[in-house]
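To keep things clear, I will list the structure first and then write my remarks on it.
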Amino acid sequence: MDRKFTVLVVSSYEKSGDFIKKSGLDAEVFEIPEFAVNAAAARDRLSEGTFDTVIINAPLDDESGTELAKSIFSLYGAACLIIVKKEEYKKTVAEVEPFGVACISKPMSKEAISQASRFLVAMKNMIDNSAEKSETLKSEVEDLKIINRAKCLLMEKLGLGEEEAHRHLEKQAMDLCIRKSEAAKRVIMTYEL
């Protein structure tokens, strides 16, 4: 394991929170869990720092826990597990699954917590990988916009055709040992300023 994952346990019930913190969280995978007693405290903790994973033992004193669970990924980028009463399981799953939240029902064993926490690690890795790929794609799209703008300028200012403008940028990039997008930025600076 390359790194340890941070975890926030949210539980209004001290015994349940302690059970989660002590039983199923592998010390080789997770840092020492941090604790919040309700949704408001959890939101405060989440806004102060980053957590890789959040485990919610529902219901909470100040809300059911589902609203908090639904916001975890979109606002904080963390993987989330909500633990609910058996009779609430189907309703909760239908409510939180569209938001990427995993759900298990009580009573829970040490093994169930351990397995679910490892699932959270897999979810967090997928979240991080997707975010990384998204940033790469955004960067590539920006580079293409810059290159296309530079080609248009070369076509307009120098009377080059599209193929010639493309070759001009490639040649400039190779001659100067820079990326094509950097050569395009130089063209834009030359002809737009």
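Structural remarks
- Rg/Rh for the range 131-175 stands at 1.12; both radii use Cα atoms, and Rh follows the Kirkwood definition.
- Probe 1.4 Å, all protein chains present, accessible-area order of SER12, SER139, largest first: SER139, SER12
- Comparing mean-square fluctuations of LEU144, LEU68, LEU46 from a GNM of the chain with C-alpha springs under 10 Å, the top value falls on LEU144.
- Distances between placed amide hydrogens fall under 5 Å for GLY65 paired with LEU60, all partners being 5 or more residues away or on another chain.
- With only the Cα atoms considered, the range 1-104 has a convex hull volume of 94 Å³ per residue.
- Evaluated with a Cβ-only charge set (Lys, Arg +1; Asp, Glu -1), the range 1-117 carries a dipole of roughly 300 debye about its Cα centre, given to the nearest 20.
- Among ASP52, ASP61, ASP143: highest mean-square fluctuation, GNM of the chain, C-alpha pairs under 10 Å: ASP143
- Per-peptide average of other Cβ atoms within 10 Å, ordering 127-137, 180-190 highest first: 180-190, 127-137
- Kirkwood estimate for the chain, i.e. one over the average of 1/r between Cα atoms, Å: 19.6
- Residue of ASN125, ASN148, ASN38 that the Gaussian network model of the chain assigns the largest fluctuation, springs spanning Cα pairs under 10 Å: ASN148
- Per-selection Kirkwood Rh - the range 100-185 (Cα, Å, 1 d.p.): 16.6
- A Cβ-based charge dipole, computed about the Cα centre of the range 7-66 with Lys and Arg at +1 and Asp and Glu at -1, lands at about 120 debye.
- Among the protein heavy atoms of the chain, carbon and sulfur supply 54% of the accessible surface, probe 1.4 Å, non-protein parts ignored.
The values are calculated or read from the model by the stated rules, or taken from the named source; none is laboratory data. Note that the structure is predicted; figures quoted are calculated from it, not measured. When we count neighbours, we look across all protein chains shown, and the Cβ atoms used for this are built from the backbone with ideal geometry, even at glycine. In case anyone asks, the SASA skips ligands and DNA or RNA and just uses the protein heavy atoms, side chains included. Shrake-Rupley method; radii C 1.70, N 1.55, O 1.52, S 1.80 Å.
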